[in-house]
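Please read the structure below before turning to the comments.
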Amino acid sequence: MSSTYTTTFTLTHARQLAAKVVADLHQCSLLYGRPSGARLGDYEAELIEKLAKGYVATYEFGFKRNDQRVLSWRYTVGPDGGLQGSANAGALYARAAVAEAEYFNSMSHSSEWDNLTDAQQLAFESNLPFSRKTAALPGDGDGYWMTDHQYSAGGIRIERKTFRPR
């Protein structure tokens with residue numbers, strides 16, 4: 001006897017996952033003063049729409065100095081592989097010296113996005129609250145990466161890694 005388990009990823013699942021990332025963005029804003037609270041809704045709307053369509057490969061925000069990460073959180077999107085449950089958002093590293101650092105927010109797209117034509121990409125992005133500019137991510141500064149949270153919904157997992165100073 002065999003059985004098959006199928007999960008359909010829906011807009012509701014995208015909202016659940018985006019809410020975890022946005023909760024982390026909100027905590028970052030409270031701890032470090034950036035991003036501004038006014039931007040959180042825009043980041044959430046963009047993330048929900050792109051997650052729902054399968055267009056996100058990675059999402060990262062944090063602080064850089066001289067094109068080197070000082071503190072950063074990277075979220076990698078993929079199948080959940082049977083992951084049970086989901087961690088609570090938050091518990092961000094709260095002791096980094098970022099006063100002189102520049103805030104950044106970046107998203108890399110999935111192969112589903114790359115399969116769209118330029119016209120389809122432009123049409124999709126025209127409905128988002130802002131337009132992203134392409135920029136290189138900073139290199140790793142004096143610190144290290146650690147995997148610290150996993151969020152799961154509808155068969156999709158987002159793994160959070162933190163780059164924190166030594």
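Go ahead and estimate [θ] at 222 nm for the chain from helices alone: -39,500 (n - 2.57) per DSSP H run with n ≥ 4, summed, over the residue count, rounded to 500.
Details: 4 runs with 51 residues, N = 166.
Computed mean residue ellipticity for the chain: -9500 deg cm²/dmol.
Before anything else, pin down the relative contact order of region 51-166: Cα pairs under 8 Å, at least 6 apart, normalised by residue count, whole percent. Write out the running numbers ahead of the final one.
Details: 199 pairs, mean separation 46.8, N = 116.
Relative contact order for region 51-166 comes out at 40 percent.
Each peptide in 89-97, 153-161 was scored by the mean count of other Cβ atoms within 10 Å over its residues; highest first, the order is 153-161, 89-97. Annotation note: GluC sites (Glu not before Pro) in region 87-121 located in DSSP loop regions with a Cβ neighbour count of at most 15 within 10 Å are Glu100.
Taking 0.36 nm per residue of sequence separation and removing the Cα-Cα distance, the Ala99/Leu30 pair yields an extension gain of 23.5 nm. Ignoring lysines fewer than eight residues from Lys161 along the same chain, the ones with Cα atoms less than 22 angstrom from its Cα are Lys20, Lys50, Lys64.
When each full DSSP H helix of the chain is screened for a Cα extent of at least 27 Å along its own axis and an average Kyte-Doolittle hydropathy of at least 1.6, none passes.
Here each label is just a point 7 Å from Cα along the line to Cβ, and for Ala136 and Ser108 those points are 1.4 nm apart. Each of Trp145, Trp73 was scored by other Cβ atoms within 10 Å of its Cβ. Listed from fewest to most, they are Trp145, Trp73.
Each of (i) 16.0, 53; (ii) 16.4, 62; (iii) 16.8, 48 is a candidate for Rg and Dmax of the Cα atoms in Å; the one calculated from this structure is (ii).
The numbers here are math on the coordinates, done by the rules we state, and not lab data. If you're wondering where the values come from, they're calculated on a predicted model, not measured in any experiment. Cβ coordinates were reconstructed from backbone atoms using ideal geometry, including for glycine residues, and neighbour counts include every protein chain displayed.
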